[in-house]
Structures are given as C-alpha cells and as structure tokens.
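See structure below.
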Amino acid sequence: MTVAGLRLGRPGAIASRRSLRILEHDLLVFRRGWHSYLLSGLSQPFLYLVSMGIGLGLYVNRNGGVPGGVPYLDYIAPALLVTQAMMAGAFEAAYPIMGKIHWDKTYHAALNTPLGALDLLAGDLMWISFRATLLSLLFLLVIVLMGAAASPLVVLAVPVAVLTALAFAAPIMAFTATQTGDSGFNALFRFGITPLFLFSGTFFPIERLPLFLQPLAWITPLYHGVAAARSLSLGQVEPAGLTIHIAALVAVALAGMAAGRVTFRRRLVV
Amino acid sequence: MVRVRSEGDGGRPHGAVGHARRDAPLPKAGSNCATGGDPCRGRYHRGVRETSTKPESLIRARGLTKRFGSFTAVDGVDFDVAPGEAFGFLGPNGAGKTSTMRMIGTVSPVTSGELTVFGLDPAQHGAQIRMRLGVVPQADTLDNDLSVLENLLIYGRYFDLSWAESRRRAKELLEFVQLTERSGDKVEPLSGGMKRRLVIARSLINEPSLLLLDEPTTGLDPQARHLLWDRLYRLKQRGVTLCLTTHYMDEAEQLCDRLVVMDRARIVAEGSPRQLIDRYVTREVLELRFGRAEGETDDSAYLEGKIEGLAERIEQLPDRVLVYTADGEAAAAAAYERGLRPASILVRRSSLEDVFLSLTGRSLVD
C-alpha cells in the first residue's frame, strides 16, 4: 500500500525495492518482541471496550444513547479501532524515527549501503502500515468476539484504520526529520494527538462540539477515519460520504509523504 | 641510511606552506624512505598539478570543494588514492577530513570540483559505488535493538546478500574481530573497543575493495587500538585499500603509506610519513625544559639570546624550548657550552606530530 501510495506521487517518487530491506530490518526487531505486541494488541481493545463500551455505555444507553439509537459499544468500537491505529502510527513515526535519525543514527549506517534516504522513508512507512494492520486485526478480533459490530463490513474498518495511521505517520515522519530533540514531540502529542483522540467524534458526535470547533474537526484526518470506519461497522454506508472520507485520508497521507521526501533528503543528504 | 635533509626549513612561518613547496618534486624514493618495504614505490612522483587520470586511481579528486551555506568545509583539494595503498587524512578538528570522507562515501553531495570513486561519479552512481565500499563512521551507529550477529546480518541484507550468505560472512567476520562469543548479546553493553570492532566487521560484510575509516580508534584504550591496527593491517595485506582520517600521529605512522595533512579545509602537505618528517622537520628534536630560576627576570628575551643559532629552527613554548636539529646530542652539548642549564633535557626522534604542529600551528582548533 505504501509503495503504491508513493507511486501516486510525482514522477520519480517510486520507492526502490531496496526499501523492503528496511521493512526486513524492522521485522527483525519485531521478531524479538512480538509476544508483547500480541499481548498488548489484544488486551488494550478488550480493556477499552469493556470499560467504555460496556461500563460507560450502560449510562449512555440509559440516557437516550447516541444519535441513531445504536448501542454505545457498537458506536465507539470502530472509532477506538481507528484511534489505536492512529496512536501507533503517530508514535512510531516520532520517537523510533528520531532514534534512527538522531540518537542512534542507524539511518546513517544504512545510508553507507546502496540504500538511499527515500528507501528509509518508504521502508519505515511500510513497517508502520504493517504494525497498524496487525493491531487493527487484533482489535477486529476483539470486536467480533464481543459482538460489537452490526455489519460484516466491519472488516473494511481495518484498511481504513491503516490508512488513518499512514495519514498521521507520514506527516509526522516528515516533521521528525526536522527535529533535533524530543521537545517537539511532547507538544505534538499533548496539543495535537491527545485532543484529536478526544474530540474527533470518537466518543461523541462532533455535532456536540461548540459550533466554531466543528470545522476544525472536519479537517483532521482522525475524524474522517472514525466516520468511515463507523459507517462500515454499523452497516450505514453512504457511498458519497465514504468516498470523501477515504479521499481526505489519502490526500493527507500523500501530502505527508511528499513532505517527508523533502525533509528526509534535507536532513540526511548534506 | 642516507638522509636528505631539507635545508632552510627553519625560517618558514608555521602553517603557511605555499603551493610551490608542496608541489615540488619529492626526493627520490629509496634514499630517504625509512618506513621500509612497500611504501617506497614510485607512485608519489606527482608532478605539478598532474591532470591525466591515472587509470589505477581508486579515488581521484581535483578541486574538490564542499560548502555548507557560507562555510567552506573543503576548499579545492586534489588527491589520488591508488589500489592497495593505505591513505590517510591527517588534520586537526574541523580541517575538513570528515567532509572529504563523506563525499568519497557518496553520502554527501560534492559542491564543486571533480571526484571519482572506482572511476565513477558519486552523483550518478552513488548506490553502485557504495556497493563496493566499506565505511567505518566516526560514530558507531550500531543498532541497539538488535544483537551483535543481527547487526551484521541485516547489514548484509542491505547489500543484497542472501540471508544464508550474510550469515556465513557474519560468522566469519565475528571470528576475525574476536567477537564470536558475544554474537548473541545486545550491542549496548559492549565496550567501546568491541563496538569499534563490530563496526569494522559490519563494514566488511560486502567484502569491499575500499575501506573508509573516519577516526577509527578515537577514544579507545591502547590495547583496543593495537588490536584494531592489527586487523586493519591484515586487511591491507589482503589487498583492501584503506582510506582513513585520524589526528593520532602514531596511527598515521603505523597505518599509512601516504598521507595528506589538512588544515582549514585545504591540503597543506602530502607524502609518506617519513617523507613528511624529512621535509618539514629535522631528524631529531631536542627538548629543553627550564625551571623557574633560569628566566626569572625576563625569560623569553634572555633565552632567545642564549639559544639563537643553536639550530636552524627553534620553537619557544611557555614551558620548554624545542630545538629542531639533525643531532640532538650535539645541540644539547652546545647549549651547555653557552651556559644554559635546563632542568631537563630530552633528545627524541622527530615524529609526524612535529610535522603536524609545524604545519597546522599550535593554537587550539574548535
């Protein structure tokens, strides 16, 4: 998907097959810790869905519920699936990439091989996609086991989640390549990612936001990811709306990759 | 051994070596080559601004320049590295050594001038060049998420080796750098010397014909340095071309057949270690240290009067006087005759360090 995504960019944006080597590297690292990934990948969705979907949902459902009258668990389950993918994408594009660029400088070691700066960018975006896919599949498993999806279309929430992860990971990777410390990330997560997590229609419809904040929600990729996944999971798909949501995510991801091409070159080829 | 002494060097101001002097034909090889054996082949006989490409040049630079904004890191340097030789860039911090190495390694674009590596243009054929290069960067850049063995394995993959071939070479290389028993360990707890050895092993995974080493032994203890030198020497024996930067004079004398001294982005001297010593300093150095009593009133003026004419070149430092002379014992005796009573006397063979200091000056470079 990432490679295809890069192909959609400007001519010459094609990542070389060498970027697969970086994916191999990341999988080699992953091989050491896959059990903990698996464990947290299953326990996190379970804890969230039980506490918020069932626990909090009891009160929400009793007090009129969310618009459309769907159970609160069904309402937030696809949203949390997408949110978790976003979190993973944002995190993986920040600290670990910073390590490779600046702290451990392993990118610099890789650049002494036939690999180029854009292979690093593409390879690590592939890895992030892989990780988001894995987490989302585990989340899907928990959703299905808990009966929190109304439609079999919920499986399509997985690619939506991966696309959302990329829509965050690509611009954040571009940003990471401009940083020399982690103070920028603290601000990014505190004032960017966390508010998005809370206010992008995840837990309540954005119509409940103050009027002046609603357009803001519209331009955030998470809102589109959540809305798309929710419509699929609830089986309430509007083709036009879904297309807009997907197009918005693709646009942000591609813009992020284009920015990353510039910042990676600027940072690593000096 | 017949020694050709360069006369008249004493009057030359420090750090200002003109091009005319640098480009003057070198003394005949054989007469003054003390390093023995191999380094005394005819390849140093560079005329003034040789322009034809030597077909055998592995690296060729003409007017090579690197600028970062308004700062010039490398200012129009010329050099050739022949296959099989050990070539060194010697210079203080900030002289432009690393920038030069990064351009050769094709990871830093050339600002202007010419550069070919294996006869290829780095701007066009970077990946092809890197395929045949081994690089030992100044920082270790090892992967702390992977084991010692895995660090080599994945690096082999970056060079398109199969997993099986990468594993075979990795094991062989761990043996070569004496790290076999640590192969399953994480990288973090390794000592500095072990990490350095691992980086060298990593740089050899693609069986490079040219190895670039940027300050390979900086920060290592003497045992670790000697082990590394031994390994580098063995590589050289196998025909690997070494190109290294260092600011350790002993390292340059140990490893390099030929070297250039860089200072403030330029090459200020070129030759074998022995040639440089013969050309820029005298055979011996007499170090005179004076206690407080000697110069209590006005030491520098007083001393100057006493030591003047003792040798072609004399350098007065705050704590001691360096007398550059062919015969240190004779100069010491002469100093005594003149009534000088230094607290301590040391006669030593001059080294590259003297060359280095005389060419690049004593002031601290940051």
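The values are calculated or read from the model by the stated rules, or taken from the named source; none is laboratory data. Quick caveat: nothing in here was measured; it's all calculated off a predicted structure. Every residue, glycine as well, gets a Cβ built from its backbone with ideal geometry; the counts of neighbours run over all protein chains shown.
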Next on the checklist: Condition first: under 21 Å from B:L235 (Cβ atoms), in contact (Cβ under 8 Å) with a residue 40 or more places away in the chain and part of a helix (DSSP H, G or I). Now tell me which residues in the range B:253-275 satisfy that.
Outcome noted: B:E253, B:L255, B:P273
Item to check | Residue satisfying all of: in the range B:81-107; within 12 Å of chain A (Cβ to nearest Cβ) and in a loop (DSSP other than H, G, I, E, B); surrounded by the most Cβ atoms within 10 Å (Cβ to Cβ) among these | outcome: B:T106
Checklist entry - Among the residues of the range B:112-125, is there at least one that is facing chain A (nearest Cβ under 10 Å), over 17 Å from B:E207 (Cβ atoms) and touching a residue at least 12 places away in the same chain (Cβ under 8 Å)? => result no
Next on the checklist: So, in the range B:267-296, exactly how many residues are surrounded by fewer than 19 Cβ atoms within 10 Å (Cβ to Cβ) and over 22 Å from B:L322 (Cβ atoms)?
Outcome noted: 0
Checklist entry - Regarding A:M98, is this residue among the hydrophobic types (A, V, I, L, M, F, W, C) and either within 25 Å of A:V142 (Cβ to Cβ) or at pLDDT below 95 (or both)? => result no
Checklist outcome for this item: Note on the range A:78-114: residues within 16 Å of A:L198 (Cα to Cα) and within 13 Å of chain B (Cβ to nearest Cβ) are none
Checklist outcome for this item: Within the range B:108-136, the residues that are within 16 Å of B:F89 (Cβ to Cβ) and assigned to a helix (DSSP H, G or I) are none
Item to check | Test for A:L125: is it under 19 Å from A:R266 (Cα atoms) and within 14 Å of chain B (Cβ to nearest Cβ) | outcome: no
Checklist outcome for this item: With the first residue restricted to the range B:143-162 and required to be facing chain A (nearest Cβ under 7 Å) and farther than 15 Å from B:K195 by Cβ, and the second required to be among the aliphatic types (A, V, I, L, M) and outside any helix (DSSP H, G or I), Cβ contacts under 6 Å at 6 or more apart or on different chains are B:Y158/A:L115
Checklist entry - Picking from A:L111, A:L58, which residue would you name as being among the hydrophobic types (A, V, I, L, M, F, W, C) and either modelled with pLDDT of 95 or more or under 22 Å from A:R190 (Cα atoms) (or both)? => result A:L111
Checklist outcome for this item: Among (1) among the small types (G, A, S); (2) within 14 Å of chain A (Cβ to nearest Cβ); (3) under 25 Å from the mean Cα position of the chain (by Cα), B:G69 falls short only on (3)
Item to check | Options A:F185, A:F139, A:F204: the member that is touching a helix residue (DSSP H, G or I) at 6+ places or on another chain (Cβ under 6 Å) and within 21 Å of A:P45 (Cβ to Cβ) | outcome: A:F139
Checklist entry - On the given criteria, is A:V144 over 22 Å from A:S200 (Cβ atoms), part of a helix (DSSP H, G or I) and more than 14 Å from every other protein chain (Cβ to nearest Cβ)? => result yes
Next on the checklist: Here's a check for you: in the range A:19-45, which residue that is crowded, with 17+ Cβ neighbours inside 10 Å and under 19 Å from the mean Cα position of the chain (by Cα) is farthest from the other protein chains (Cβ to nearest Cβ)?
Outcome noted: A:P45
Item to check | Members of the range B:321-344 found to be surrounded by 18 or more Cβ atoms within 10 Å (Cβ to Cβ) and outside any helix (DSSP H, G or I), listed by number | outcome: B:V321, B:L322, B:V323, B:Y324, B:T325, B:L340, B:P342
Item to check | Enumeration of residues in the range A:109-128 that are more than 16 Å from B:I154 (Cβ to Cβ), in contact with a Leu (Cβ under 8 Å, 6 or more places away or on another chain) and buried (at least 24 other Cβ atoms within 10 Å of the Cβ) | outcome: A:A122, A:L125, A:I128
